[in-house]
1. I'd like to check which strands (runs of 3 or more DSSP E) are fully inside the stretch A:731-837 and have at least 2 residues that are among the aliphatic types (A, V, I, L, M), within 13 Å of RNA strand B (Cβ to nearest atom) and surrounded by 15 or more Cβ atoms within 10 Å (Cβ to Cβ).
2. Please identify the pairs in which a residue from the stretch A:396-418 that is under 14 Å from residue A:247 (Cα atoms) has its Cβ atom under 9 Å from the Cβ atom of a residue that is more than 14 Å from RNA strand B (Cβ to nearest atom) and assigned to a loop (DSSP other than H, G, I, E, B), counting only partners at least 6 apart or on another chain.
3. Within the stretch A:26-40, does at least one residue satisfy the condition of being within 27 Å of residue A:424 (Cβ to Cβ) and either touching a residue at least 24 places away in the same chain (Cβ under 8 Å) or surrounded by 18 or more Cβ atoms within 10 Å (Cβ to Cβ) (or both)?
4. Mind checking which helices (runs of 4 or more DSSP H) fall wholly inside the stretch A:252-322 and carry at least 3 residues that are surrounded by 15 or more Cβ atoms within 10 Å (Cβ to Cβ) and at pLDDT below 95?
5. Hey, can you tell me all the residues within the stretch A:618-660 that are near RNA strand B (Cβ under 9 Å from one of its atoms), touching a residue at least 12 places away in the same chain (Cβ under 8 Å) and in a helix (DSSP H, G or I)?
6. For the stretch A:399-407, indicate whether the set of residues that are assigned to a loop (DSSP other than H, G, I, E, B) and either more than 15 Å from RNA strand B (Cβ to nearest atom) or not acidic (Asp, Glu) (or both) is non-empty.
7. Which condition from (1) closer than 23 Å to residue A:145 by Cβ; (2) surrounded by 15 or more Cβ atoms within 10 Å (Cβ to Cβ) is the one that residue A:448 breaks?
8. Pairs, please: C-beta under 9 Å, at least 6 apart or cross-chain, first residue at positive phi and in the stretch A:697-726, second part of a helix (DSSP H, G or I) and among the β-branched types (Val, Ile, Thr)?
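The values are calculated or read from the model by the stated rules, or taken from the named source; none is laboratory data. Not measured: the values here are computed from a predicted model. All Cβ positions, even for glycine, are placed from backbone atoms using ideal geometry, and neighbour counts span all protein chains on display.
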Amino acid sequence: MSNYPFKEIEKKWQAYWEENQTFATTEDLSFPKEMRKYVLDMFPYPSGAGLHVGHPEGYTATDIYCRFLRMNGFNVLHPMGFDSFGLPAENYAIKTGTQPRETTEKNIENFRKQIKSLGFSYDWNREVSTHTPEYYKWTQWIFIQLYNQGLAYESQKPINWCPSCKTGLANEEVKDGRCERCGTVTVRKNIRQWVFKITEYADKLLEGLDDLDWPESVKTMQRNWIGRSEGAAVFFPLVDGDEKLEVYTTRCDTLFGTTYMVIAPEHPLVEKLTKPAQKVAVDEYLKKTAEKSDLERTDLAKDKSGVFSGSYAINPVNGKKIEIWIADYVLISYGTGAIMAVPAHDTRDWEFAKKFNLPIIEVLKSDIDVQESAWTEDGTHVNSGFLDDLNKEEAISKMLAWLEEKSVGHKAINYKLRDWIFSRQRYWGEPIPLVHCKHCGTVAIPEDQLPLTLPEVESFEPSGTGESPLAKIDSWVNTTCPVCGGPAKRETNTMPQWAGSCWYYLRYLDPLNTKEFVGKDKEEYWMPVDLYVGGAEHAVLHLLYARFWHKVLFDLGVVNTPEPFKRLINQGMITSFAYQRADKTLVPADEVQDNGEGIYVEIGTDNQLEKVIAKMSKSLKNVINPDEIIEEYGADSMRIYEMFMGPLQVSKPWATSGLSGVYRFIDRIWRLGEEREISEEAPSDDMLKKLHKTIKKVTMDTDTLNFNTAISQMMVLVNDIYKTDNLPREIWENLILLMAPYTPHICEELWQKAGHEDSLFRAPFPKFDEKLTIDDEIELVMQVNGKLRAKVTVARDISKEDMIELTLSNDKIQPWIKDKTIIKKIAVPGKLVNIVVK
RNA sequence: GCCGGUGUGGUGAAAUUGGUAGACACGAUAGACUCAAAAUCUAUUAGGAGCAAUCCUGUAUCGGUUCAAGUCCGAUCACCGGUACCA
């Protein structure tokens with residue numbers, strides 16, 4: 001391509017910024033609170049594959065915003081680091097025997113180099129990596145705070161087990177019933193786990209969402225995930241014995257329609273409720289469901305399964321004896337693991353009742369026959385004793401009063417949110433800092449003995465028993481109790497990857513502090529995060545877990561804001577084009593011929609292909625490597641292209657041809673500087689107006705992160721400069737400053753060439769004069785019946801009357817209105833006139 | 001199934017509170033420069049009719065509100081993402 005020497009320029013200025021510490025940030029108290037901004041990127045996991053084009057998208061966006069803020073006088077904190085514990089490094093270690101630390105640190109080095117090659121204005125002095133003992137000392141310290149608050153407990157709950165990885169997986173790591181990493185179908189297995197009581201914070205996490213400047217869709221997803229519902233706990237007495245079976249229901253008003261009960265196969269009362277006559281059938285059913293993977297449970301969902309326990313309960317509202325069944329459509333993890341079935345008005349109960357011939361009683365009036373299908377809408381109560389003729393709300397409150405009066409139930413609140421299984425049976429994670437002592441029980445390691453470091457091991461293979469590889473190292477496991485000094489064993493579970501990312505935004509504030517996880521003054525100086533940018537895939541889990549930890553830390557008084565992230569933006573995914581055959585299969589990009597005009601043909605056949613958008617994947621050969629792009633077009637082009645593609649928040653397909661367009665744009669600016677002499681004369685009024693309009697649009701669009709339209713406006717200005725034959729300093733320097741946040745390297749170079757010694761990031765962002773953004777003349781649009789018929793240039797402040805007068809007498813308008821009756825004349829000042837005729 | 005999102009030229013996309021649809025860019029076509037190519041520059045580029053001035057149609061589809069709809073309302077279709085029996 002052309003000759004703009006981006007390689008030398010980019011190298012030169014990246015070195016300059018590093019040498020001069022241009023972007024190092026301090027807690028300068030002369031900046032008032034509102035002039036401090038904390039702008040945060042979601043830090044990457046340093047994978048062996050290196051940076052992909054999706055990473056620079058969010059990073060470029062925040063970088064532009066930060067550079068813009070600094071030029072506008074803000075003190076900006078903009079750090080970067082690495083989420084460096086994680087399974088890929090461990091799996092690689094199992095395969096090759098390479099220490100995960102070695103692999104990880106090599107990858108980090110590569111990532112850092114790649115990120116730096118884009119010229120981002122991070123304060124690298126604050127870099128953190130979650131796998132370093134200096135960092136995870138404090139991850140362990142926070143764990144102990146949660147433990148001391150009673151928010152961590154051990155549990156034998158069934159968990160997802162991957163037979164291939166030989167490790168337990170949390171629910172979020174199982175996709176479609178398969179291990180997210182290796183694809184093996186998972187099974188259930190009981191294992192001892194550390195669990196966090198995130199449910200205790202359900203209400204706080206829910207309420208906290210209200211005041212956040214987050215996308216409404218993310219807030220909705222979090223609300224749904226927490227899944228708060230109000231209902232009732234109802235106690236059903238058993239026919240045999242004194243025990244009661246507790247259920248949770250949101251529709252206690254349908255209690256008269258309850259014709260049977262169901263408990264989950266994992267329910268603690270299963271054994272007790274199973275009668276000898278049913279024992280064989282129940283055991284067989286339990287065995288079958290235990291062997292089922294989550295995938296199979298889901299697949300079989302269409303066809304309900306279950307078994308009668310042999311026991312009966314009494315419906316407290318009418319004294320009727322009803323059967324108790326065991327079925328896996330009832331989940332042990334929600335409510336009490338037991339339900340009252342109302343088949344007439346619940347599709348799941350109806351299907352089950354039909355299959356096993358259980359009675360169906362209508363209690364909500366409708367036009368349909370509940371023997372034929374379930375009625376799940378509202379209706380007036382029937383067959384319901386004291387609730388008859390009432391509507392839903394009235395019936396619920398009357399039933400609640402009745403339940404409480406008779407002491408057979410009460411109001412209850414339930415959440416879909418489950419407690420968070422926090423332990424992993426893996427090597428490459430933070431060791432959980434606990435010791436098991438025969439005398440003292442479970443004991444936290446004292447703070448002065450942290451960090452509890454991860455020992456070097458020979459083998460990274462899972463133990464196969466479900467324990468982590470740490471369990472095999474006797475010298476590490478056997479220790480002394482910090483309380484009594486007697487022999488004790490270390491906890492061998494490690495923490496999940498979420499742990500490090502739950503609080504890294506706090507460590508950036510004070511990364512070298514050896515006394516505290518973050519100094520109070522620094523935390524108060526910067527928090528909360530003003531803008532957090534990252535992928536939408538973290539909408540629920542990472543953001544919910546981080547909020548949970550933050551709220552615990554807030555309740556402990558060690559941070560001063562109840563929420564960590566004030567404003568959140570999800571960047572869209574960068575996709576790629578792919579080519580699809582008629583049968584919807586995809587063809588790799590290198591086997592496609594472009595015949596122009598949107599026609600694509602598969603090479604070697606005559607198959608015409610459809611151009612579609614797909615995720616980048618190795619097999620489709622449509623993965624873009626940022627290193628190659630930077631090598632060929634330069635970092636400035638890469639940056640500005642990713643912003644020019646479209647709005648930050650939407651996903652958009654990569655097209656290298658589009659990149660060459662923005663390259664040309666930068667090249668055109670470079671050539672302006674090369675080919676023209678900077679003139680000290682004042683610019684023409686026309687150019688001055690064009691400049692101020694551009695400053696206004698770029699300022700507003702950059703502030704609101706609408707980078708694509710800001711860039712197009714700068715292109716317009718450059719095109720306008722090309723139409724003239726001089727280069728007034730006022731125009732030129734303002735253009736350089738406007739562009740600086742977007743393409744910082746070339747702008748520094750041009751700024752220096754224009755005669756400045758200091759970095760242009762010490763210069764203020766251009767200001768616009770509102771007067772110069774307004775034209776004296778406007779183009780008046782003349783419409784007849786809403787259709788454009790003429791355009792005339794008129795003075796901006798023309799009166800409505802004159803506008804109409806001008807329109808009616810216009811030559812082009814005349815033919816459309818003569819011989820017609822004018823019904824209405826509408827004039828919008830400064831815009832248009834519409835004449836309505838009949 | 002349910003929840004959320006998106007449908008605008010050959011392509012990526014623009015379009016304050018409803019007020020000129022298609023800014024900007026890619027691609028394409030033609031021309032200039034060149035021995036030639038690349039690069040660069042200039043012009044055209046939603047579709048259709050016409051020599052032209054102009055006119056007609058057009059923002060997934062159908063309908064509605066309005067002087068005026070890409071934008072608001074209702075229904076439908078397509079695609080993308082999330083989710084999996086939450087009582």
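1. So the answer is A:777-784, A:787-795, A:832-837.
2. A:403/A:316; A:403/A:317; A:408/A:316; A:408/A:317; A:409/A:316
3. Checked against the condition, which is being within 27 Å of residue A:424 (Cβ to Cβ) and either touching a residue at least 24 places away in the same chain (Cβ under 8 Å) or surrounded by 18 or more Cβ atoms within 10 Å (Cβ to Cβ) (or both), the stretch A:26-40 yields at least one hit.
4. Once the helices (runs of 4 or more DSSP H) in the stretch A:252-322 are filtered for at least 3 residues that are surrounded by 15 or more Cβ atoms within 10 Å (Cβ to Cβ) and at pLDDT below 95, what remains is A:279-291, A:294-299.
5. Listed by number, the residues that qualify are A:641, A:644, A:656, A:658, A:659, A:660.
6. Our first condition is that a residue be assigned to a loop (DSSP other than H, G, I, E, B); within the stretch A:399-407, this holds for A:406-407.
Still in the running and either more than 15 Å from RNA strand B (Cβ to nearest atom) or not acidic (Asp, Glu) (or both): A:406-407.
There is at least one residue in the stretch A:399-407 that is assigned to a loop (DSSP other than H, G, I, E, B) and either more than 15 Å from RNA strand B (Cβ to nearest atom) or not acidic (Asp, Glu) (or both).
7. Looking at each condition in turn, residue A:448 falls short on (2).
8. Within 9 Å, the pairs are A:705/A:64.
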